[in-house]
1. Tell me, yes or no, whether segment 67-87 has at least one residue that is on the phi < 0 side of the Ramachandran plot, among the hydrophobic types (A, V, I, L, M, F, W, C) and in a helix (DSSP H, G or I).
2. Would you be able to tell me the number of residues in segment 34-56 that are closer than 20 Å to Ala88 by Cα and among the β-branched types (Val, Ile, Thr)?
Amino acid sequence: MPRRTHTGLIALNALLMGLLALVTLAPGANAQTRPKRATGQYAIVDGRIQGVAEAAIYVYDTANQEMLALRWDRSRKMLQTLGHRDLAADAEHAQKGGR
């Protein structure tokens, strides 16, 4: 192999090592950091919705005090989110006299 090819490969390796170090050591974006959450403990209950043939699925996260309502969409063959509630915030609001 000619000497010039070795020099080019060495320069390319050095450049790639520098890029790898830059990507690895660069600080993460602030938008990517999420607050720490407790590992969820879930209870799932089914229920009826007025005027809809499909039943609802209520997922209650006891560790984070949150509830999620879902239903099965037959045409898309996927779960559709109906709503989400932060039960801890609701309870705090109710204690302050809110509705």
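1. yes
2. 3
Yes or no, residue by residue, for (1) out of contact with any Lys or Arg (no Cβ under 6 Å at 6 or more places or on another chain); (2) at pLDDT below 90:
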| site | (1), (2) |
| --- | --- |
| Thr7 | yes, yes |
| Ala14 | yes, no |
| Ala29 | yes, yes |
| Tyr42 | yes, no |
| Ile57 | yes, no |
| Gln80 | no, no |
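The values are calculated or read from the model by the stated rules, or taken from the named source; none is laboratory data. Just so it is clear, the structure is predicted and the values come from calculations on it, not from any experiment. All Cβ positions, glycine included, derive from the backbone under ideal geometry; neighbour counts span all protein chains shown.
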